[in-house]
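Heads up: the structure comes next, in structure tokens.
What follows draws every value from the coordinates through simple rules; no lab data is involved. A quick note: this is a predicted structure, and the numbers were derived from the prediction, not measured. Every residue, glycine among them, receives a Cβ derived from its backbone with ideal geometry; neighbour counts consider all protein chains shown.
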Amino acid sequence: MTTNKHVLTWLDEMVALLKPDKVVWIDGSEEQLKALREESFKTGEMQPLNEELLPGCVLHHTAVNDVARVEGRTYICTKKKEDAAPINNWMETSEMKAKLIPMYDGCMKGRTMYVLPYCMGPIGSPFSKVGIELTDSIYVVMNMDIMTRMGQQALDQLGDSNDFVRGLHSKAKMEEENRYIVQFPEENTIWSINSGYGGNVLLGKKCFALRIASYQGLKEGWMAEHMLILGIEDPNGHVEYITAAFPSACGKTNLAMLIPPEVYAKQGYKVWTVGDDIAWMHIGEDGRLYAINPENGFFGVAPGTNEKSNPNALHTTMKNTIFTNVAHNLDNNTVWWEGLDKNPPENAEEWTGKKVNGKEWVAAGNKLAHPNSRFTAPAVNCPCLSKEFNNPNGVPVTAMVFGGRRAKTAPLVFQSFSWNHGVYVGSAMASETTAAAAGAVGVVRRDPMAMRPFTGYNMGDYFNHWIEMGEKLGDKAPKIFHVNWFRTDDEGHFIWPGFGDNMRVLMWMLKRCKGEVDAVETPIGYLPKPEDIDITGLEDVTLDTVKGLLSVDKDLWLEDCNGVEELYDQIGERVPAELRKQLADLRARLSK
Ligand code: OXD
Ligand code: MN
């Protein structure tokens, strides 16, 4: 399929190491994919679902100990420790290889190795990048077919170039204690072993499009961010684009696909999805920042997705979708998850494959679907997919949003005073943890730019890269905002309705960007005047509710500053002086 010498030489080396029985190149043809699906049904790796209700959809269960990204076992390996540590797990490159090579040696004996070329970003875009993943998993091939532009088209995009990411994945023996997800950014290489969970094994996604790409962006002057991209079209047909970073499982997919509330829909506003997870951003010829979505599908969290919370996502999953670790409705051979509807299937298999009475199971407080169960769905299925989705130049970014899940501290929305203050705000992001990563749920952790688990190099250098991008963008830089949809009252109930109504907050941002609305200057940034958040048609939200949502408790903020300082101290001397100054200025404003 290719005469690229760099590809062929690397492949020879890997075949010698892995010793597969068979090597199969994935060309991306329908015929080949169909045969692989059939094979996966035979081995039980996948189960076909109801062809009438869910055409082309399949169900997969991972191993029970392999249901989320494993941050504790994810490494950035560089020659020098300070280039990746201390936020990342680090090991010296050759030391890590010496550890992993014996595990890879012969691990594909008796198996087929799939050679899977893929392109991140639209084919033909100057900003797209190619990777090749070697894997012994059909599940991976089928997921990558949805999530990337896969096969011959990717090799054509690569041509003779050596600029491709070398990805190696083996399920090996699926040993938890020997599970490693390793990035070697200096060598454009990813090694993943002993896992079958999406975020650990679909190497185009977190490993490449964030960890490796963030490093490439540092070297080449662009940005790879954990951000959704959406467009808001006004009644005149003019579209403004917003990118937004939230920690995993904080509703990026829901925001990216939001349905405008009636007050806006009536006027003719529309929302378009460009991406729900990752944005690659370059400075365009006109000096503005442009974003492409490197992915070609959505790897979304299933639980909580329903007709009300995200009808677009639900619709997107109705055909040609892979469901992982959701519950199986045995009555009609479909799927179910918590929050889909109020009717758990009686005749069900819960996510590990055990037959249960779903109603009784749920009533007894058990989960039918795993909280991090997923759908892998093609972007083309999405009813609100932007017509710019495949635009090789991307879309111009007007506003950038940071956000987290904070019960009390952060107000509904505020705008930063400047780009550098916005970089501070991003660096200070924090959130209460969710089920997307293994570990305790509900603990506050600092998650700068939602990139804590995804930055492929030193976090201080990463902050500095943001500051330098701002210098290049000058007055063409997007405006930076911070939101919090998750404020709770004293009983722990969410105060803001969220979902589609979040558009009310985005509309305020766009007005700010166009200079159409004033704001209140506060120590933490510009806050809306409460009456400038349009609450028309909201039943449970009054002007007083909005006032409450916009209130800022200075003591909580000063406490939060201590958390930021701790993070900066942990990162150490590479934290830019500018951010230390932003922190000092914020403290001074809060103490006045
Ligand atoms: C994801 C994540 O899967 O952030 O997108 O964990
Ligand atoms: Mn994500």
**Asked** To the nearest 0.05, what FRET efficiency results for E307 and A63 with a Förster distance of 30 Å applied to their C-beta separation?
**Response** 0.40
**Fill in**
Given 475-487, 532-544, the highest-first ranking by average Cβ count within 10 Å works out to 475-487, 532-544
**Prompt:** How much mean residue ellipticity at 222 nm does the chain get from its helices, if each DSSP H run of length 4 or more adds -39500 (n - 2.57) and you divide by all residues, to the nearest 500 deg cm²/dmol?
**Reply:** -8000 deg cm²/dmol
**Alpha carbon Rg of the chain, scaled by the compact-globule rule 2.2 N^0.38 Å** = 0.94
**Item:** Extension gain, K22 back to E491 (0.36 nm per residue minus Cα-Cα distance, nm)
**Value:** 162.9 nm
**Request:** With a bin width of 5 angstrom, please list the P(r) values of the stretch 236-343 as percents of all Cα-Cα pairs, from the 0 bin to the one holding the largest distance.
**Result:** 2, 10, 17, 21, 17, 14, 9, 5, 3, 1, 0, 0
**Prompt:** By average Cβ neighbour count within 10 Å, what is the ranking of 192-204, 415-427 from highest down?
**Reply:** 192-204, 415-427
**Item:** Net charge of Cβ neighbours under 10 Å - reference C119; Lys, Arg +1; Asp, Glu -1
**Value:** +1
**Message:** For a quick check: with amide H placed at 1.01 Å from N, whose amide H comes under 5 Å from L385's, ignoring anything fewer than 5 positions away on the same chain?
**Reply:** T273
**Asked** With charges only on Cβ, +1 for K and R and -1 for D and E, what is the dipole size of the chain about its Cα centre, in debye, rounded to 20?
**Response** 620
**Asked** Zone of K359 (label point 7 Å along Cα→Cβ, backbone N under 16 Å): which residues in the stretch 303-337?
**Response** 329-332
**Message:** Averaging the inverse of every distinct alpha carbon separation and then flipping it gives the Kirkwood radius. What is it for the stretch 300-455, in angstrom units?
**Reply:** 18.4
**Prompt:** Rounded to the nearest whole Å³, what is the per residue volume of the convex hull around the Cα atoms of the stretch 215-257?
**Reply:** 82
**Label-point gap, in nm, between A35 and D569 - each point 7 angstrom along Cα→Cβ** = 6.1
**Request:** Take the alpha carbon gyration tensor of the stretch 495-584, find the square roots of its eigenvalues, order them as a ≥ b ≥ c, and report rounded if a/c is under 1.5; if not, report prolate when a/b exceeds b/c, else oblate.
**Result:** prolate
**Complete:** To the nearest 0.05, the calculated FRET efficiency linking T3 and K476 through their beta-carbon distance, R0 being 45 Å, is 0.60
**Request:** Give the residue from V64, L54, S40 lying farthest towards the positive end of the charge dipole for the stretch 15-94; charges sit on Cβ (+1 for Lys and Arg, -1 for Asp and Glu) and the dipole is referred to the Cα centre.
**Result:** V64
**Complete:** Looking only at lysines whose Cα falls under 18 Å of K79's and that sit 8 or more positions away or on another chain, we get K97, K99, K219
**Request:** Would you mind working out the magnitude of the charge dipole of the stretch 1-41 relative to its Cα centre, with +1 at each Lys and Arg C-beta and -1 at each Asp and Glu C-beta, to the nearest 20 Debye?
**Result:** 120
**Item:** Of K129/K173; K308/K408; K22/K173; K479/K511; K81/K206, those spanning more than 23 Å from alpha-carbon to alpha-carbon
**Value:** K129/K173; K308/K408
**Request:** Output the peptides 371-382, 90-101, 34-45 sorted from most to least packed, where packing is the average of other Cβ atoms within 10 Å over each peptide's residues.
**Result:** 371-382, 90-101, 34-45
**Item:** Label-to-label distance, nm, for residues given as E468 and K547 (7 Å Cα→Cβ offset)
**Value:** 4.8
